[in-house]
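The values are calculated or read from the model by the stated rules, or taken from the named source; none is laboratory data. Computed from a predicted model, the values in this text were never measured in an experiment. Backbone-built Cβ (ideal geometry, glycine too); neighbour counts: all protein chains shown. All accessible areas refer to the heavy atoms of the entire protein, side chains included, with ligands and DNA or RNA removed. Shrake-Rupley method; radii C 1.70, N 1.55, O 1.52, S 1.80 Å.
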Amino acid sequence: MRFAPPNPLRIADRATGLNSVSVRSYNERLVLSLLLQNKSTTRLEIGERTGLSAQTVSVLVRSLEHEGLVALGAALKGRVGPPTVPIELNPEGAYSVGLSVGARQTDVVLIDFVGAVRFHKTFANPAITPGSNHTQFLETIRKAVALLPEKERLRLAGVGMALPHSASDGQDEEAYFIALQQEIEEQLGIAVFVQNDVTAAASGESMFGVGKSLTDYMFFYLGAKLHGRLILNHQIHNGNSPVSFDVGIAALERELARDGRSVDALWDRSGTWPDRDEIIQMWEARLVDEMLRSLAGVSQFVEFESVVLSSYAPYSVCEDICLNLEAACPSIKAIASNLKPSPKAVGAASLPFSSRFMVK
């Protein structure tokens, strides 16, 4: 499998540009890295952060603007000297498809260059049969790409696949996903980039979500189970760890089922959950306790002030969990992610962007 690098984020913060015609491609990626890390920037800021000369920066920006990858924003007035014109990514400059295989369902999204979701579909996971024709995957990706005007399909950066990893994963499952990657590349002619699903979600959060403005934080993903990743200096650590905690949505499902309650809504991406009653409140309390134990363990070695909680669960549920976490640990700022409807699929779609447009 072609694995996307687990830590493609913010490398431009430490990189140094080279004023040489022979490395223009590298320098263009350097500029795009800064724009993928920031909503907008200026020529002066690019020069300060990369060491490139003002003339080189201007040449690079004009080239990227001509290619349709960047656009000029509205002039910022009210400052000394001529108005400053910010440089921004052109939303239509590139597109990417993200495919996330969850515990029960698969999500497919099409996003533009700034992370806006242009297409989303959820379907039940097909049975794992190595060597089979993965028709539903392929047809869904075709539908997503078909939404783009024909000329803009040339701007498709690739397909990102966010795949689960657990101790129970076997050779059949690995062979199944290898066959899927090969079919996408051979039948659709689109490059595929693969990463662990939770690491992909963390990547998407840092590129498009609330983590964009944070340097060091603890990232939690709430799915069937609870997973964690440590982000330091914008880098994802413990990137492919199979460690998880059985206090996630699957645990809540078992408790509601024992009480004779309907559980279908827990796996729905529409954002509608059962009323927040005693069972859900007790589940949230156990979830917060597990997060606190994780934070206590990590804080023995590193200091951080922020926690990001990502999930396809309703934003209101995540917000309640974050408020409870802050109440239990006042020194922590807990933030609910705004990436919807499928953070893992959006994170998967970020992989082709980081691989093709960011400095390695």
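Among the residues of the stretch 85-110, what is the count of those that are over 19 Å from residue 67 (Cα atoms), open to solvent by less than 40 Å² (accessible area, probe 1.4 Å) and not polar (S, T, N, Q)? Step through it out loud before you land on a result.
From the stretch 85-110, those over 19 Å from residue 67 (Cα atoms) are 97-110; that's our starting set.
Filter again for open to solvent by less than 40 Å² (accessible area, probe 1.4 Å), leaving 97-102, 106-110.
Cutting the leftovers down to not polar (S, T, N, Q) gives us 97-99, 101-102, 107-110.
The number of residues fulfilling the criteria is 9.
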Given (1) small (Gly, Ala, Ser); (2) open to solvent by less than 30 Å² (accessible area, probe 1.4 Å); (3) at pLDDT below 90, index of the condition residue 251 fails
(3)
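Looking at 178, 190 in this structure, which one is open to solvent by 10 Å² or more (accessible area, probe 1.4 Å), outside any helix (DSSP H, G or I) and either out of contact with any Phe, Trp or Tyr (no Cβ under 8 Å at 6 or more places or on another chain) or not β-branched (Val, Ile, Thr) (or both)? Outline the logic, then answer.
Working: 178 fails: outside any helix (DSSP H, G or I).
Going through 178, 190 in turn, the sole match is 190.
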With 265, 327, 257 as the choices, which residue is of a type outside the set (D, E, K, R), open to solvent by 30 Å² or more (accessible area, probe 1.4 Å), farther than 30 Å from residue 124 by Cα and in a helix (DSSP H, G or I)?
327
In the stretch 269-288, what count of residues is obtained for those that are open to solvent by less than 70 Å² (accessible area, probe 1.4 Å), free of Cβ contacts under 8 Å to residues at least 40 places away in the same chain and not aromatic (Phe, Trp, Tyr)?
5
Residue set 303, 205; condition touching a residue at least 24 places away in the same chain (Cβ under 8 Å) and surrounded by fewer than 22 Cβ atoms within 10 Å (Cβ to Cβ); output residue 303
Conditions (1) open to solvent by 30 Å² or more (accessible area, probe 1.4 Å); (2) closer than 22 Å to residue 359 by Cβ; (3) outside any helix (DSSP H, G or I); (4) not small (Gly, Ala, Ser) -> residue 227 fails only (2)
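Of all residues being out of contact with any helix residue (DSSP H, G or I) (no Cβ under 9 Å at 6 or more places or on another chain) and either open to solvent by less than 80 Å² (accessible area, probe 1.4 Å) or under 21 Å from residue 223 (Cβ atoms) (or both) in the stretch 150-174, which is modelled with the highest pLDDT? Just the residue, please. Spell out how you get there, then give the answer.
First, pick out the residues of the stretch 150-174 that are out of contact with any helix residue (DSSP H, G or I) (no Cβ under 9 Å at 6 or more places or on another chain): 150-151, 154, 166-174.
Now restrict to residues that are either open to solvent by less than 80 Å² (accessible area, probe 1.4 Å) or under 21 Å from residue 223 (Cβ atoms) (or both): 166-170, 173-174.
Details: 166: 47, 167: 38, 168: 44, 169: 51, 170: 54, 173: 70, 174: 76.
In this case the residue turns out to be 174.
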